[in-house]
């Protein structure tokens, strides 16, 4: 498909690492975070909006000003340590009545964050246990 994805990490280093891995796998991606110049951030965002870049990897702070109207997927590569941030993150997908998907990876160390998110949402997010990286 021609979908695009916004991927969230908790750290700048994590954002760079994810973008590097995706590029090595042949998926055009760029990272934006506080260590990038304003010029680099504007270019990355422009490339993402014009679909030159398929994946934008961002920290929560860097993503604050991002407004992408037709975002098909939000991926939480790392869960936010503040539950409210989860709502800010996934609220970016499927705006203006369009459908969108939110997907989150949850590390064993992040179980507590997931519990906080469930509490805030007052419901549980469906968990897919049947995948190759499941370690309970």
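Go through 71, 6, 22 for me and flag whichever is closer than 30 Å to residue 115 by Cβ and modelled with pLDDT of 95 or more.
Selected residue: 22, the only one of 71, 6, 22 that is closer than 30 Å to residue 115 by Cβ and modelled with pLDDT of 95 or more.
Restricting the first residue to segment 39-66 and requiring it to be touching a residue at least 24 places away in the same chain (Cβ under 8 Å) and at positive phi, which pairs with a second residue that is in a loop (DSSP other than H, G, I, E, B) and surrounded by fewer than 16 Cβ atoms within 10 Å (Cβ to Cβ) meet a Cβ separation below 8 Å and a spacing of at least six or different chains?
51/2
Look at residue 51 and say whether it is assigned to a loop (DSSP other than H, G, I, E, B), at pLDDT 85 or above and surrounded by fewer than 17 Cβ atoms within 10 Å (Cβ to Cβ).
Yes: the conditions hold for residue 51.
I'm trying to understand the selection: among the residues of segment 88-117, which are assigned to a helix (DSSP H, G or I) and loosely packed, with under 13 Cβ neighbours inside 10 Å?
108, 109, 111, 112, 115
So, of the residues in segment 5-27 that are out of contact with any strand residue (DSSP E or B) (no Cβ under 7 Å at 6 or more places or on another chain) and more than 22 Å from residue 84 (Cβ to Cβ), which turns out to be surrounded by the fewest Cβ atoms within 10 Å (Cβ to Cβ)? It would help to see each step written out before you state the result.
Step one: of segment 5-27, the residues out of contact with any strand residue (DSSP E or B) (no Cβ under 7 Å at 6 or more places or on another chain) are 10-14, 17, 20-21, 24-26.
So of that shortlist, the ones also more than 22 Å from residue 84 (Cβ to Cβ) come out as 13, 17, 20-21, 24-26.
Numbers: 13: 13, 17: 15, 20: 13, 21: 12, 24: 8, 25: 8, 26: 6.
Here the residue is 26.
The values are calculated or read from the model by the stated rules, or taken from the named source; none is laboratory data. No experiment lies behind these values; they were computed from the predicted model shown. Positions of Cβ are generated from backbone atoms using ideal geometry, with glycine treated the same way; all protein chains shown enter the neighbour counts.
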